[in-house]
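Engineer: Before I ask anything, here is the structure I am working with.
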Amino acid sequence: MSSLPPSILIVAVVGTGLGLALVLRVLARLGRAVLRRPPPRGGPGRLTGPVGLLAGLALLGFGLAALALVAALRTWQVFTRARPVAEIRCVETGPKKLRLTYLPIDAAGKRGLPEEYELRGDEWLVGGDVLRFRPELVWLGLETVFRVDRVEGRYVDAKEARAQAPTVFDRAGGPSHAWLAMYRDGARGPLGWMIAGAHGQGVWQLPDAKATFVLRVTPNGFVLDKN
């Protein structure tokens, strides 16, 4: 929650804490009066009667409203989060021939070394493995686990795709037995309480010499933006 405005967090914590303390103090004094026990030392005080109760309820209301706002902002932040994974450029070098440049971006935003792939087809495709956590764990801060391990050319027409030899490249080590196991059993058994799903996913686009495509990962998997 460090990205939330500090003032809202302060109002939420202080308002709720002080308001609850005042209300409990008034209720405790009222309980003593009902049980006919002597009041604590120091006299009744201005904040142990109706004024204290009203002040406590007001502070508690402001604090709870701030907590609700914090929860709403946190929910919006985590479920709209889209971290850049790679920048992609793709140009057409001839009929049905594409050159794709893949520039990986790590979690800190640092760009790695560019990778080039010669593809055949009308479109390019990148894809990989995605492991999604359940919404309550995403809210607590767990991010989608992923791996981009496939680059390939794609034909728009299925008949043409069947007639042509595909151009497909592994990256990041290619297929993984661990990921295949997660596909089969990741959301079952003891891990099912935290894993919403594990699956493969791909995105594709037409080549565009004037565009830079940004591959991002979200709580639901990959998305592709065109800049």
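Quick grid of which residues meet (1) over 29 Å from the mean Cα position of the chain (by Cα); (2) in the same structural domain as Leu206 (by TED's automatic domain parsing):
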position	(1), (2)
Ala72	no, no
Ala107	no, yes
Phe133	no, yes
Arg154	yes, yes
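Engineer: For segment 9-52, give me each residue that is of a type in the set (Ser, Thr, Tyr) and at pLDDT below 75.
Structural biologist: So the first thing to find is which residues in segment 9-52 are of a type in the set (Ser, Thr, Tyr), and the list is 16, 48.
Answer for segment 9-52, where residues must be of a type in the set (Ser, Thr, Tyr) and at pLDDT below 75: just Thr48.
Engineer: Any chance you could count how many residues in segment 121-143 are buried (at least 17 other Cβ atoms within 10 Å of the Cβ), over 20 Å from Ala178 (Cβ atoms) and aromatic (Phe, Trp, Tyr)?
Structural biologist: 1
Engineer: Separate question: Ala71: free of Cβ contacts under 8 Å to residues at least 24 places away in the same chain and either closer than 30 Å to Val14 by Cα or in contact with a strand residue (DSSP E or B) (Cβ under 7 Å, 6 or more places away or on another chain) (or both), yes or no?
Structural biologist: Taking the combined requirement at face value, the residue satisfies it.
Engineer: In this structure, is Glu115 touching a strand residue (DSSP E or B) at 6+ places or on another chain (Cβ under 6 Å) and either of a type outside the set (Phe, Trp, Tyr) or within 20 Å of Tyr183 (Cα to Cα) (or both)?
Structural biologist: Details: touching a strand residue (DSSP E or B) at 6+ places or on another chain (Cβ under 6 Å): yes; either of a type outside the set (Phe, Trp, Tyr) or within 20 Å of Tyr183 (Cα to Cα) (or both): yes.
Judged against the criteria, Glu115 is a match.
Engineer: Cβ contacts < 6 Å: first residue touching a residue at least 60 places away in the same chain (Cβ under 8 Å), restricted to segment 142-168; second residue basic (Lys, Arg) and surrounded by fewer than 17 Cβ atoms within 10 Å (Cβ to Cβ), any location; separation 6+ or different chain. Result?
Structural biologist: Hits for this filter: zero, empty list.
Engineer: Here is a follow-up. What is the one condition in (1) out of contact with any helix residue (DSSP H, G or I) (no Cβ under 8 Å at 6 or more places or on another chain); (2) within 18 Å of Pro84 (Cα to Cα) that Ala165 does not satisfy?
Structural biologist: Status for Ala165: all satisfied but (2).
Engineer: Just to verify a result, which residue in segment 169-191, among those that are touching a Gly at 6+ places or on another chain (Cβ under 8 Å) and aliphatic (A, V, I, L, M), is modelled with the highest pLDDT? Give the steps one after another, and end with the answer.
Structural biologist: Looking only at segment 169-191, we keep the residues that are touching a Gly at 6+ places or on another chain (Cβ under 8 Å), and these are 172, 183, 186-187.
Still in the list and also aliphatic (A, V, I, L, M): 172, 187.
Values: Ala172: 84, Ala187: 80.
The extreme case among them is Ala172.
Engineer: Identify, please: which residue in segment 144-166 is in contact with a Phe, Trp or Tyr (Cβ under 8 Å, 6 or more places away or on another chain) and part of a loop (DSSP other than H, G, I, E, B) and is, among those, surrounded by the most Cβ atoms within 10 Å (Cβ to Cβ)?
Structural biologist: So the residue we want is Thr144.
Engineer: OK, next. Of the residues Glu118, Glu87, only one is at pLDDT 95 or above and loosely packed, with under 14 Cβ neighbours inside 10 Å; which?
Structural biologist: Values: Glu87 fails: loosely packed, with under 14 Cβ neighbours inside 10 Å.
On inspection, the qualifying residue turns out to be Glu118.
Engineer: Determine, yes or no, whether Ala68 is in a helix (DSSP H, G or I), of a type outside the set (Phe, Trp, Tyr) and under 23 Å from the mean Cα position of the chain (by Cα). Please lay out each step first, then the result.
Structural biologist: On the way: in a helix (DSSP H, G or I): yes; of a type outside the set (Phe, Trp, Tyr): yes; under 23 Å from the mean Cα position of the chain (by Cα): yes.
Yes: the conditions hold for Ala68.
Engineer: Could you go through segment 100-108 and let me know if any residue there is touching a helix residue (DSSP H, G or I) at 6+ places or on another chain (Cβ under 6 Å) and either among the aromatic types (Phe, Trp, Tyr) or closer than 29 Å to Gly186 by Cβ (or both).
Structural biologist: no
Residue by residue, here is whether (1) surrounded by 15 or more Cβ atoms within 10 Å (Cβ to Cβ); (2) touching a residue at least 12 places away in the same chain (Cβ under 8 Å); (3) touching a strand residue (DSSP E or B) at 6+ places or on another chain (Cβ under 9 Å) holds:
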position	(1), (2), (3)
Ala172	no, yes, yes
Arg184	no, no, yes
Gly192	no, no, no
Ile195	yes, yes, yes
Trp204	yes, yes, yes
Pro207	yes, yes, yes
Val214	yes, yes, yes
Thr218	yes, yes, yes
Asn227	no, yes, yes
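The values are calculated or read from the model by the stated rules, or taken from the named source; none is laboratory data. These figures come from a predicted structure and were not determined experimentally. In this analysis, Cβ positions are derived from the backbone assuming ideal geometry, glycine residues included, and neighbour counts consider all displayed protein chains.
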